Amino acid sequence: MKSKLASSLAPGAALLLALTTHPLLCGAASNAAGLRKITDLVVYRDDAFYSAFPSVVRRPDGELLVAFRRAPERRRLGEPRVSHTDPNSQLVLVRSRDEGRTWTREPELIYAHPFGGLQDPCMVQLRDGMILCTTYGWALLPPDFAATLTNTLRHGAFGFLGGAVLRSRDGGHSWEGPFRPTHVPADTTVDVFGQPVAAYNRGAMCEGRDGRLYWVVAANASLNPRRTETHLLVSADQGRTWRYACPVATDPNVTFNETSLYETPRGDLVAFMRTANFGDHTVMARSTNRGASFEPWQDTGFLGHPHHALRLPDRRVLLVYGYRHKPFGIRARVLDPECTNATSAPEFVLRDDGGNVDLGYPWATRLSGNRVLVVYYFNQADGPRYIAGTILEIER
């Protein structure tokens, strides 16, 4: 599919895009963005662990749940560096009953995979209060055996386990599953057991106004070199089973993966996607027919990944994303209700004091009044990774 590149913008639009994405000018755009930063906070930190990839939901009674992936801080055990694959990584959560001011000290276990480490617990709360959490995993294998897996996604000696879905009916105290999502036909790879890979991705699914769940997942179009594309799955039974719907974004050169999906007031489905081989540009794709098909993907022209979109009280959309370029940190834009102004919406800097690229993955939820909590993982001076947050006020 052909994209509309930022270079094709009219001169005035291109100038506006350059101004609103230039790191030194983002602060000047803060008032135009309609956001005011209240404070930064620590959600969870234990220097014995590498904590990353959070998601957050706010329960009907106001309780906040933040899920994240926790693994040992391997540098304390003699390893030269940290890694995103670990056989001991587990899904855990912490809670706050006071609008994020304090959090439970000891995380609760969501799930530990019997064959390997898990990644990226992505929660969504449905209208009836059920919480879904998607994840995917890696199994540590003997290096000689891993080398024989020619059609399995590998990361060093780790082999891919595929995706899974968990569900909670009691506010995250207990979990059903894991349920195995369907296989995406375009993905030709198999897991470490030789089975077609179960669908997976990092990012938020959404519950449509029709009650169905819409989830944009990744598919390995090629392993060598690796190139992924995105596709839509739909569930009519709250995530227990899934059916394939359609492609979302494909390209012979550009890679698309970590995707958050948002339903506009008009009913459009808008996918915000991370890219590779495309200068770290954020791209979007839109469906105007309830997921029967998506229009050609569009380049927004700004940098950052991955994303989360949150509806604000006035139906505008807070889009948050990580910024893995100097100065490292977290950024945001406020979009119109139908997400039509992503290329021109002013950029707002939440944090620019990160230690290196290993940070980000923000997720947002509304607090009481006109405030929002954005959670993400962070490091300073390459220190231990921890779960942090920023409280914003939405200016009227």
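What to note about this one:
- Among the residues of this structure, Phe272 does not count as one that is more than 18 Å from Pro54 (Cβ to Cβ) and either surrounded by fewer than 22 Cβ atoms within 10 Å (Cβ to Cβ) or in contact (Cβ under 8 Å) with a residue 24 or more places away in the chain (or both).
- Residues that are closer than 23 Å to Leu359 by Cβ and aromatic (Phe, Trp, Tyr) are absent from the range 282-299.
- Residue match in the range 47-57 (condition: in contact with a Cys (Cβ under 8 Å, 6 or more places away or on another chain), over 21 Å from Gly279 (Cβ atoms) and either basic (Lys, Arg) or at pLDDT 50 or above (or both)): yes
- Selection from the range 365-396 of residues that are of a type in the set (A, V, I, L, M, F, W, C), closer than 30 Å to Arg81 by Cβ and in a strand (DSSP E or B): Val374, Val375, Phe378, Ile387, Ala388
- Residues in the range 103-161 that are under 25 Å from His173 (Cα atoms) and among the polar types (S, T, N, Q): Thr104, Gln119, Gln125, Thr134, Thr135.
- Residues that are under 24 Å from Gly355 (Cβ atoms) and either of a type in the set (Gly, Ala, Ser) or touching a helix residue (DSSP H, G or I) at 6+ places or on another chain (Cβ under 6 Å) (or both) within the range 83-130 comprise Ser83, Ser89, Gly100, Gly117, listed in sequence order.
- So Gly304, is it surrounded by 17 or more Cβ atoms within 10 Å (Cβ to Cβ) and closer than 30 Å to Ser83 by Cα: yes
- Hits in the range 96-141 - residues which are within 22 Å of the chain's Cα centre (by Cα) and among the hydroxyl-bearing types (Ser, Thr, Tyr): Ser96, Tyr111, Thr134, Thr135, Tyr136
- In summary, Tyr214 fulfils each of the numbered conditions (1) within 28 Å of Ser168 (Cβ to Cβ); (2) touching a His at 6+ places or on another chain (Cβ under 6 Å) with the single exception of condition (2).
- Qualifying positions in the range 113-159 - among the hydrophobic types (A, V, I, L, M, F, W, C) and farther than 29 Å from Ser222 by Cα: Val124, Leu126, Met130, Ile131, Leu132
- Look at the range 311-329: where a residue is more than 16 Å from Ala33 (Cβ to Cβ) and a partner is aromatic (Phe, Trp, Tyr), sitting 6+ places away or on another chain with Cβ atoms under 8 Å, you get Arg311/Tyr262; Gly322/Tyr361; Gly322/Tyr376.
- Residue within the range 325-335 that is closer than 22 Å to Thr230 by Cα and in contact with a Lys or Arg (Cβ under 6 Å, 6 or more places away or on another chain) present: no
- Candidate set from the range 66-84 (those that are closer than 11 Å to Ala52 by Cβ and of a type in the set (Lys, Arg)); member that is farthest from the chain's Cα centre (by Cα): Arg70
- Hits in the range 192-218 (condition: part of a strand (DSSP E or B) and of a type in the set (Val, Ile, Thr)): Val216, Val217
The values are calculated or read from the model by the stated rules, or taken from the named source; none is laboratory data. Not measured: the values here are computed from a predicted model. FYI the Cβ positions are ideal-geometry reconstructions off the backbone, even for glycines, and counts take in every protein chain you see.
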